[in-house]
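Please read the structure below before turning to the comments.
No lab work stands behind these numbers, since they all come straight from the coordinates. All values derive from a computational prediction rather than experimental measurement. Here Cβ is always computed from backbone atoms with ideal geometry, including for glycine, and neighbour counts include all displayed protein chains.
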Amino acid sequence: MNTSILETCAKTIKKLEVLSNNDLNNFQEIVKKVASLDDDDDMDELTAEAEKTHEEFVDPLTSELMVDPVMLPNSKYIVDRKTIKQQLQNDSCDPFNRSPLTIE
């Protein structure tokens, strides 16, 4: 199974320092579990577990597991990059505090 997206996510989380070391270690354990999975049923179970036990990995706007988390500069909320890109096509404001926001 290809875990490059999750590995990239873990690197981004570490770079942005959005999780404590303990939470980062937990996330890296999830990446290892995903790498060891061999069918979709296991992946669905792991995704459901992550969404229940690790709410910080769930996009607050879409309620989906984030693939590429980014921190918004003013509100400091963390959302998936794809989600905020879509949001900014319709409205150039931070959805949490309405401050001006650009894709940069």
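The order of Val18, Val34, going from fewest to most other C-beta atoms within 10 Å of their C-beta, is Val18, Val34.
Translational D (Stokes-Einstein, µm²/s) of region 57-100 at 20 °C and 1.002 mPa s when Rh comes from the Kirkwood sum over C-alpha pairs? D = 207 µm²/s. Residue exposure proxy: Cys93, Cys9, ordered by other Cβ atoms within 10 angstrom of their Cβ from fewest to most, comes out as Cys93, Cys9. In percent, rounded to a whole number, the relative contact order of region 59-104 is 29, using alpha-carbon pairs under 8 Å and six or more apart.
Within a 10 angstrom radius of the beta carbon, how do Asp23, Asp91 rank from fewest other beta carbons to most? Intermediate values should be presented prior to the final figure.
On the way: Asp23 14, Asp91 10.
Fewest to most other Cβ atoms nearby, the residues stand as Asp91, Asp23.
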